[in-house]
Amino acid sequence: DAGVIQSPRHEVTEMGQEVTLRCKPISGHDYLFWYRQTMMRGLELLIYFNNNVPIDDSGMPEDRFSAKMPNASFSTLKIQPSEPRDSAVYFCASGLGLVGQYFGPGTRLTVT
Amino acid sequence: AQKVTQAQTEISVVEKEDVTLDCVYETRDTTYYLFWYKQPPSGELVFLIRRNSFDEQNEISGRYSWNFQKSTSSFNFTITASQVVDSAVYFCALSTWIYNQGGKLIFGQGTELSVKP
């Protein structure tokens, strides 16, 4: 299996621009998670889906963030408009319940 | 509330030394899972191990071993004969089952291990 695939791997954008991060989970996994990692806050869960349905988005920092999972093999995390404080590494992970979450390589976002 | 504490922020050892990374967790649930992940300098998060709350057997995988003690709510990780390639940030995580919602991982703050030649 190819593992969790994320794109782009690096993104540099200017404040105010829209950013879209993409994720392809491992085939057969029914859970998909979006995390953000920063030095100050560590690893934070933003949102997760079960069978394409958002279950808990309490970690989404504010309305500028939105996530979708239109089908079992694709999810997006969108930030509009982006701000410098959104600079972080964003990880997507997929899993089968509590079996273990497998993480993608991450997208390093820099907002200038 | 659920919480994972990794009290050691940074550890530095010389190659071939044994090193133990501590992890203490808090949860009121009786069914839960504990995990360790490795984050090397390249940045990816690598799944190392999962244990469930009903299995307190220690586990060994090559130079890695894990000691799970419910009595002290600890899930410590030992690397025997450390190598430079073990240098990474190691995260301990806790997941409890929420009916119809699956499991959410609660991560500790991580321990940065530096193994010097």
Compute the signed sum of charges (Lys and Arg +1, Asp and Glu -1) over the other residues within less than 13 Å, Cβ to Cβ, of residue A:56.
-> -1
Tally Lys and Arg at +1 and Asp and Glu at -1 over the other residues with C-beta under 15 Å from the C-beta of residue B:32: what net charge comes out?
-> +2
Tell me, what is the 1.4 Å probe accessible area of residue B:70, in Å² to the nearest 10?
-> 80
In whole angstrom, and with the biggest value first, how far do the Cα coordinates of the protein assembly as shown range along each principal axis?
-> 48, 42, 34
Partner lysines whose C-alpha sits under 18 Å from that of residue B:70, ignoring same-chain residues fewer than 8 away, are B:3
For the range A:42-54, 3J(HN,Hα) per residue [Karplus equation, 6.51 cos²θ - 1.76 cosθ + 1.60, θ = phi - 60°, Hz, x = Gly/Pro] = x, 8, 10, 7, 8, 7, 9, 10, 10, 6, 6, 9, x
Where the accessible area of the range B:37-96 is counted over protein heavy atoms with a 1.4 Å probe, how much of it, in %, is carbon and sulfur?
-> 49
Of A:27, B:95, which has the most accessible area and how do the rest follow, probe 1.4 Å?
-> A:27, B:95
For chain A, set up a Gaussian network in which alpha carbons nearer than 10 Å are linked by springs, and say which option among A:15, A:39, A:69 fluctuates the most.
-> A:39
Given labels modelled 7 Å from the Cα in the Cβ direction, how far is it in nm from residue A:73 to residue B:71?
-> 5.2
For the range A:8-69, listing GluC sites (Glu not before Pro) in a DSSP loop whose Cβ sees at most 16 other Cβ atoms within 10 Å gives A:14, A:18, A:62
For chain A, the percent of accessible surface on carbon and sulfur atoms (probe 1.4 angstrom, ligands and nucleic acids excluded) is 51
Over chain B, with neighbouring protein chains present, the accessible area per residue in Å² at probe 1.4 Å is 51
Cα-Cα longer than 26 Å, checked against A:24/B:104; A:24/A:78; A:78/B:104; B:38/B:116; A:68/B:104; A:68/B:38, kept in input order, equals A:68/B:38
Losing no less than 20 Å² of accessible area (probe 1.4 Å) relative to the isolated chain, the residues of the range A:25-60 are A:31, A:35, A:37, A:43, A:45, A:48, A:55, A:56
Over chain A, average the accessible area per residue using a 1.4 Å probe and give it in Å², no decimals.
-> 48
Considering the options A:40, A:70, A:103, tell which one lies farthest towards the positive end of the dipole of chain A, charges being +1 on Lys and Arg and -1 on Asp and Glu at the Cβ, about the Cα centre.
-> A:103
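The values are calculated or read from the model by the stated rules, or taken from the named source; none is laboratory data. Computed from a prediction, not measured in an experiment: that's the story for all the values here. Glycine also receives a Cβ, built like all others from the backbone with ideal geometry; neighbour counts cover every protein chain displayed. For the accessible areas, the whole protein counts, side chains as well, though only heavy atoms, and no ligand, DNA or RNA atoms are used. Shrake-Rupley method; radii C 1.70, N 1.55, O 1.52, S 1.80 Å.
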